[in-house]
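Read through the structure below, which is laid out as structure tokens, and then see the notes.
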Protein chains: 2
Amino acid sequence: MQMKATVPITAVGLKAACAQCNLVELCLPFGMSDSELHRLDDLVGARRKIKRQQPLYRAGDPFEAIYAIRTGSFKTDVLLEDGREQVTGFQMTGEILGLDGISTELHSCNAVALEDSEVCVIAYDRLEELSREVEGLQHQFHKVMSREIVRDHGVMMLLGSMRAEERLAAFLLNMSQRFTARGFSAAEFHLRMTREEIGSYLGLKLETVSRAFSRFQDEGLVTVQQKHIRILDNAGLKKLIQHQQRAC
Amino acid sequence: MQMKATVPITAVGLKAACAQCNLVELCLPFGMSDSELHRLDDLVGARRKIKRQQPLYRAGDPFEAIYAIRTGSFKTDVLLEDGREQVTGFQMTGEILGLDGISTELHSCNAVALEDSEVCVIAYDRLEELSREVEGLQHQFHKVMSREIVRDHGVMMLLGSMRAEERLAAFLLNMSQRFTARGFSAAEFHLRMTREEIGSYLGLKLETVSRAFSRFQDEGLVTVQQKHIRILDNAGLKKLIQHQQRAC
DNA sequence: CCCCGCCGTTGATCCACGTCAACCACATTC
DNA sequence: GAATGTGGTTGACGTGGATCAACGGCGGGG
């Protein structure tokens with residue numbers, strides 16, 4: 001069921017035109033002036049469509065570009081020789097994929113589409129070139145990388161110090177907040193990933209994720225119907241995370 | 001026991017002079033030409049000495065500079081409101097601290113010296129400025145940030161998918177490899193952090209860390225005397241990580 | 001030198017989560 | 001509509017690591 005190599009499923013020749021894109025606020029060009037914005041037009045090359053379950057890139061692939069998600073969503077994961085998988089993140093529209101490849105010029109993880117998706121391809125050498133000239137771009141790019149580091153620290157906190165229900169609560173609140181930023185409902189959304197993928201991300205087995213969902217539902221914090229989530233008690237979820245619910 | 005703010009313990013006026021530093025190979029200037037190297041002299045401002053247990057910066061501090069470790073070592077950690085601590089990393093000479101601050105212009109974690117240490121202070125606005133002119137610096141800086149992201153993914157793998165002994169084995173091999181890169185013995189070294197700090201980093205309690213050390217010693221993989229470690233069977237440790245040691 | 005505090009080790013017990021297994025809800029295909 | 005497969009839920013049970021507790025060793029200060 002695996003493909004030999006990561007090949008573009010579709011590479012359409014359309015220019016991406018950040019200035020016209022409604023994702024600027026969430027994406028790499030955030031905070032740039034109009035004049036700066038127009039200089040990006042020759043940076044963002046083609047778009048590429050990726051079908052659900054297909055890889056955008058794989059660990060070991062040569063690194064040439066980073067990718068901005070235009071539509072759809074992805075997961076990134078790393079694999080151990082013995083087959084164990086760790087999902088390292090879920091990415092939504094406007095977010096940047098591929099930063100892991102800069103350090104060794106090889107991608108160090110897999111990026112897989114969770115649904116039919118489209119990305120803007122940003123050639124990395126062109127990005128470095130242009131960001132030497134466009135200060136706003138340079139600065140924003142650094143912020144994007146730094147944000148990724150901060151996000152990863154948050155996940156470490158989650159994996160290293162939280163119990164199962166706290167992890168799931170943190171995950172739901174994070175998803176809710178990211179949907180909100182994209183103009184969707186904070187309270188009601190559709191998860192694109194399976195229980196197993198959530199579990200891998202949170203360092204839990206899928207059964208534990210499922211049970212935690214059920215318990216949240218019993219306690220009136222959320223309603224869950226398969227992948228459709230409705231948050232009923234945001235504050236209750238937040239409280240779960242902070243109050244280490246132990247005696248003493 | 002906490003200090004109000006992070007103030008320089010000592011700020012010596014000495015220019016750092018990367019070109020003369022024996023850490024270039026490990027540090028930000030890696031791979032830069034001699035002529036590029038000399039342009040760094042006015043980038044790296046003062047050095048700063050930090051006493052053991054003192055913070056270099058704290059979560060919430062305004063971000064102004066990143067730091068290259070000249071001597072000593074640090075830990076970085078994040079705290080939850082309820083007091084839980086997650087150590088997100090241990091840093092050694094030549095490694096860069098403070099990248100987490102770029103995204104929000106506030107530091108998002110604490111950096112604490114594990115021993116009396118000295119860092120080179122690199123003003124961030126000057127770094128951006130200079131890296132617009134010096135291509136090698138720009139590229140190397142991006143690699144350093146990317147490497148941090150890749151490293152964090154490795155820690156997630158560890159926290160999310162490995163059992164206690166695998167985590168400790170991975171930790172020891174990682175330390176060994178980093179000591180080697182610094183010209184120290186790969187087999188014998190002195191840990192600067194406590195069992196509790198190791199435990200926090202690995203998502204384990206200190207007792208579990210201690211027991212795993214004892215078991216490694218019983219199995220002839222290492223000898224442990226307090227913080228002094230000698231690795232007897234490198235391959236054995238590696239095997240521990242890959243072979244998911246379950247029946248079936 | 002002795003005292004004291006911190007750090008590390010080890011043992012006994014507990015419990016959160018993993019494991020194993022059965023079953024159910026949908027979606028896809030024929 | 002039946003057949004098949006994938007993903008999700010739930011229950012029973014086992015276990016790895018947390019918790020609680022006692023003790024030992026080293027290092028710093030009087």
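Expressed in nm to one decimal, what extension gain is obtained for the pair A:THR104 and A:GLN217 from 0.36 nm per residue of sequence separation less their Cα-Cα distance? Please report the intermediate quantities before stating the final value.
Numbers: separation 113, 0.36 × 113 = 40.68 nm, distance 4.47 nm.
Extending this stretch completely gives an extra 36.2 nm.
According to the square roots a ≥ b ≥ c of the eigenvalues of the Cα gyration tensor, what is the shape class of the range A:163-242, taking rounded for a/c under 1.5, prolate for a/b larger than b/c otherwise, and oblate for the remainder? It is rounded, given that a/c, with a ≥ b ≥ c, falls under 1.5.
What does the average come to when, for each residue of peptide A:235-242, you count the partner chain Cβ atoms lying within 10 Å of its Cβ?
Numbers: counts 0, 0, 0, 0, 0, 0, 3, 4.
Counting Cβ atoms of other protein chains within 10 Å of each residue's Cβ and averaging gives 1.
When the gyration tensor of the range B:10-152 is built from Cα positions, what are the square roots of 5 times its three eigenvalues, in whole Å, from largest to smallest?
Values: eigenvalues 124, 55, 37 Å².
Value: 25, 17, 14 Å, ordered largest first.
In loop segments of the range B:36-86 as defined by DSSP, the GluC sites (Glu not before Pro) with at most 10 further C-beta atoms inside 10 Å of their C-beta are B:GLU81. At R0 = 41 Å, how high is the FRET efficiency between B:GLN225 and A:ALA17 if r is their beta carbon distance? Nearest 0.05 is fine. Given R0 = 41 Å and the Cβ-Cβ separation, E is 0.05.
Which entries in A:LYS143/B:LYS143; A:LYS51/A:LYS75; A:LYS51/A:LYS227; B:LYS143/B:LYS239 show an alpha-carbon gap greater than 18 Å? Display every interim value, and only then the final one.
Values: A:LYS143/B:LYS143 14 Å; A:LYS51/A:LYS75 13 Å; A:LYS51/A:LYS227 20 Å; B:LYS143/B:LYS239 30 Å.
Violating the 18 Å limit, Cα to Cα: A:LYS51/A:LYS227; B:LYS143/B:LYS239.
Restricting the trypsin sites (Lys or Arg not before Pro) of the range B:181-216 to loop positions (DSSP other than H, G, I, E, B) with no more than 15 neighbouring Cβ atoms within 10 Å leaves B:ARG182, B:LYS205.
Kindly identify chain A as rounded, prolate or oblate by the Cα gyration tensor criterion: order the square roots of the eigenvalues as a ≥ b ≥ c, call it rounded if a/c is under 1.5, otherwise compare a/b with b/c, prolate if a/b is larger, else oblate. Working shown, then result.
Numbers: a/c = 1.93, a/b = 1.60, b/c = 1.21.
Prolate.
With R₀ fixed at 35 Å, the C-beta to C-beta distance from B:SER35 to B:ALA187 puts the FRET efficiency at about 0.35. The apolar share of the surface of the range B:162-242, taken as the fraction of accessible area on carbon and sulfur atoms (1.4 Å probe, ligands and nucleic acids excluded), comes to 48 percent.
Take every Cα pair under 8 Å whose residues are at least 6 apart in sequence, average their separation, divide by the length of chain A, and the relative contact order is 17 percent.
Once the piece of chain linking B:LYS239 and B:GLN54 is laid out straight, how much longer is it, given 0.36 nm per residue of separation minus the C-alpha distance between them? Display every interim value, and only then the final one.
Numbers: separation 185, 0.36 × 185 = 66.60 nm, distance 3.77 nm.
Stretched fully, the B:LYS239-B:GLN54 segment lengthens by 62.8 nm.
For A:GLY101, what charge total do you get from the other residues with a beta carbon under 9 Å from its beta carbon, if Lys and Arg give +1 and Asp and Glu give -1?
Result for the neighbourhood of A:GLY101: -4.
Considering only B:GLN91, B:GLN138, B:GLN225, the Gaussian network model of chain B with Cα springs below 10 Å gives its largest mean-square fluctuation to B:GLN225.
Buried surface for the A/B pair, taken as the accessible area of each chain alone minus that of the pair with a 1.4 Å probe, is close to 4500 Å² in total. Among A:SER131, A:SER108, A:SER146, the residue with the largest mean-square fluctuation in a Gaussian network model of chain A, with springs joining Cα atoms closer than 10 Å, is A:SER146.
Taking every alpha-carbon pair under 8 Å whose residues sit at least 6 apart, the range B:10-152 reaches a relative contact order of 31 percent. Centre-to-centre separation between the Cα atoms of the range A:36-52 and those of the range A:70-100: 20 Å. Evaluated with a Cβ-only charge set (Lys, Arg +1; Asp, Glu -1), the range A:163-242 carries a dipole of roughly 180 debye about its Cα centre, given to the nearest 20. To the nearest ten degrees, helix A:164-181 and the longest principal axis of the Cα atoms of chain A are 40 degrees apart.
Of all segments of chain B bounded by chymotrypsin sites (Phe, Trp or Tyr not before Pro) found in a DSSP loop with no more than 15 other C-beta atoms within 10 Å, the longest spans B:31-183.
Per residue of chain A, the DSSP helices (runs of n ≥ 4 H) give a summed -39500 (n - 2.57) that works out to -11500 deg cm²/dmol at 222 nm.
Considering all C-alpha pairs of the protein assembly as shown, those separated by over 33 Å amount to 41%.
When the accessible area of the range B:10-152 is computed with all protein chains present and a 1.4 Å probe, what percentage of it is carbon and sulfur? Carbon and sulfur atoms account for 51 percent of the accessible area of the range B:10-152. Over the range A:163-242, accessible surface divided per residue gives 50 Å², non-protein components excluded, 1.4 Å probe.
The values are calculated or read from the model by the stated rules, or taken from the named source; none is laboratory data. Please read these numbers as outputs of a predicted model, since none were measured by experiment. In this analysis, Cβ positions are derived from the backbone assuming ideal geometry, glycine residues included, and neighbour counts consider all displayed protein chains. The area values use the complete protein model at the heavy-atom level, side chains included, leaving out ligands, DNA and RNA. Shrake-Rupley method; radii C 1.70, N 1.55, O 1.52, S 1.80 Å.
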